[in-house]
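Structure first, commentary second.
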Amino acid sequence: MRQLKTKNFNANQSHMIKILLILILLPAPLFLFAFLCNPTEIQKRGRKQALKDLVRATFSAGISLLIAICTRPFTFLCELPLIRKNGDNTPILMVHGLYHNKAAWLLMRYRLNLAGFCNLHTWQYNSFTTSYPELVLELRDIISNLHRESGQKVILTGHSLGGLLSCGATQQPEIEKKCAGIITLGTPYKGSILASIAIGRLGRSLHPASSLFNGENRIGYPQDIPKTAIISPTDELVLPWPNLEPDPERFSIKRSRALGHVAMLYSREVSSVVAETIRKIQQT
C-alpha cells in the first residue's frame, strides 16, 4: 500500500513538473518571433547579451502567465483594506491592459501599499465588448469622480493598453487639470504588429496602421503633466520594440531588465521604479 501511494505521489509530482515546464516555455515561440522582428536591436546588444535577455524574459513570461491565470478570478482581493498608518493619501488609479482584469495589479498594489501609498484604486473594463473611444470616455468619468471624492489630483498608472487609455483620457485639458502625472508600463505607443491576430475590435485597433496611431483622430497626450514610460528591453507582445518608445521630448523613459510583457506587473524592480516615480511626480 505504501509503495502504491509513493508511486501515485511521484506520478502526480511528475505531471505537475511537466505542466510547469510547459507554462514556462509556452512564451518561447513569441520571444523567438520578437527577436526575428528586431534584428537591428539584437545586433546592437550582441548575441551573448541577446541570448541572456531571451532566456531571462522567457522564464519571467512563463512565471507571470502562471500568476496571471491563478490570480485572475480573485478580483475581489483588490478591494481588501490597505495599510493606512502614516500613509500617503495621493489617489493612484491603476488601469490594466488588454484581455486582463484588475487582478493584474494585486502584487503591484500590495508593494505600493508597503511603500507607503494607501489610496490605491483599480478600474476594470471588458476587452471584447467595447472600443478605445468608449473606454476613454468612461475613464474620464472615473478620474473626475476620484478627483472630486479625494480633493486631490490623480496619478494614473497604466499597463500596456492601460497606458494608452490614460494618455487619451488626459488629452482633454479639463481632465488633465485633475491629474498629477502618468506612469506607463510596456505601452505600445506606436502599436504592435501582433494586433493583426488579436481577438476583438479593441485588440485589432492596436495595429500600427490603425486610426489610433495615424490621422487626425490618433491618440494625443497631455501637455503639462509629467509622463514616464517604463519599458522592458525584451517585450514579446509589443513588436517591433521601437514601438514601445514614446516621444522622448514629452516623456521620461526608463528601462527595466529583460522581462516579459506581463511580467512587468509582478516585478519587484518595476514596482520600486513606479513608487520612486510617484514620489517624483508629487514633488513637481
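The values are calculated or read from the model by the stated rules, or taken from the named source; none is laboratory data. Owing to the predicted nature of the structure, the values given are computational and were not obtained by experimental measurement. Here Cβ is always computed from backbone atoms with ideal geometry, including for glycine, and neighbour counts include all displayed protein chains. When the accessible area is computed, the model is the full protein with side chains, heavy atoms only, and any ligands, DNA or RNA have been set aside. Shrake-Rupley method; radii C 1.70, N 1.55, O 1.52, S 1.80 Å.
Conditions (1) of a type in the set (A, V, I, L, M); (2) in contact with a Phe, Trp or Tyr (Cβ under 6 Å, 6 or more places away or on another chain), marked per residue:
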{"position": "Leu77", "(1), (2)": "yes, no"}
{"position": "Asp88", "(1), (2)": "no, yes"}
{"position": "Pro91", "(1), (2)": "no, no"}
{"position": "Arg148", "(1), (2)": "no, no"}
{"position": "Gly151", "(1), (2)": "no, no"}
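All conditions in (1) crowded, with 22+ Cβ neighbours inside 10 Å; (2) among the hydrophobic types (A, V, I, L, M, F, W, C); (3) assigned to a helix (DSSP H, G or I) hold for Ala275, with the sole exception of (1). Within the stretch 173-195, residues that are over 21 Å from Pro29 (Cα atoms) and of a type outside the set (Asp, Glu) reach partners that are open to solvent by 40 Å² or more (accessible area, probe 1.4 Å) and part of a loop (DSSP other than H, G, I, E, B) with beta carbons closer than 7 Å, at six or more positions or on different chains, in the pairs Lys178/Lys153; Cys179/Lys153; Ala180/Lys153; Gly181/Pro226; Tyr189/Glu245. Pull up the stretch 256-272, narrow it to residues that are hydroxyl-bearing (Ser, Thr, Tyr) and in a helix (DSSP H, G or I), then point me to the one that is surrounded by the fewest Cβ atoms within 10 Å (Cβ to Cβ). Applying the filter and picking the extreme gives Ser272. Entry remark, the stretch 40-60: residues being among the polar types (S, T, N, Q) and touching a residue at least 12 places away in the same chain (Cβ under 8 Å) number 2 in total.
Of the residues examined, Ile253 is one that is at pLDDT 95 or above, in contact with an Asp or Glu (Cβ under 7 Å, 6 or more places away or on another chain) and open to solvent by 50 Å² or more (accessible area, probe 1.4 Å). Here the helices (runs of 4 or more DSSP H) wholly within the stretch 32-119 that include at least 3 residues being over 23 Å from Ile199 (Cα atoms), modelled with pLDDT under 90 and of a type in the set (A, V, I, L, M, F, W, C) are 47-71.
Counting only residues that are part of a loop (DSSP other than H, G, I, E, B) and within 30 Å of Arg72 (Cβ to Cβ), the stretch 226-250 holds 11 of them.
Report whether or not Leu244 is in contact (Cβ under 8 Å) with a residue 12 or more places away in the chain, within 26 Å of Asn126 (Cα to Cα), within 18 Å of the chain's Cα centre (by Cα) and open to solvent by less than 10 Å² (accessible area, probe 1.4 Å).
yes
When you scan the stretch 127-139, do you find a residue that is under 15 Å from Val274 (Cα atoms), aliphatic (A, V, I, L, M) and in contact with a strand residue (DSSP E or B) (Cβ under 8 Å, 6 or more places away or on another chain), even just one? So that I can check it myself, show each step before the final result.
Applying the first criterion (under 15 Å from Val274 (Cα atoms)) to the stretch 127-139 yields none.
Within the stretch 127-139 (the criterion being under 15 Å from Val274 (Cα atoms), aliphatic (A, V, I, L, M) and in contact with a strand residue (DSSP E or B) (Cβ under 8 Å, 6 or more places away or on another chain)), the answer is no, since none of the residues qualifies.
Name every residue in the stretch 61-112 that is in contact (Cβ under 8 Å) with a residue 24 or more places away in the chain, hydroxyl-bearing (Ser, Thr, Tyr) and either open to solvent by 20 Å² or more (accessible area, probe 1.4 Å) or within 18 Å of Glu276 (Cβ to Cβ) (or both), in order of residue number. Of everything in the stretch 61-112, those that are in contact (Cβ under 8 Å) with a residue 24 or more places away in the chain, hydroxyl-bearing (Ser, Thr, Tyr) and either open to solvent by 20 Å² or more (accessible area, probe 1.4 Å) or within 18 Å of Glu276 (Cβ to Cβ) (or both) turn out to be Thr71, Thr75, Thr90, Tyr99.
Taking the stated definitions as given, is Pro208 over 18 Å from Ser166 (Cβ atoms) and either of a type outside the set (Ser, Thr, Tyr) or touching a Cys at 6+ places or on another chain (Cβ under 8 Å) (or both)? Spelling it out, Pro208 is indeed over 18 Å from Ser166 (Cβ atoms) and either of a type outside the set (Ser, Thr, Tyr) or touching a Cys at 6+ places or on another chain (Cβ under 8 Å) (or both).
Only strands (runs of 3 or more DSSP E) whose full extent lies in the stretch 120-225 are considered here, and the ones with at least 1 residues that are open to solvent by less than 10 Å² (accessible area, probe 1.4 Å) and at pLDDT 95 or above are 154-159, 179-185.
Scanning the stretch 226-241 for residues that are open to solvent by 20 Å² or more (accessible area, probe 1.4 Å) and farther than 16 Å from Gly163 by Cβ yields Pro233, Pro240.
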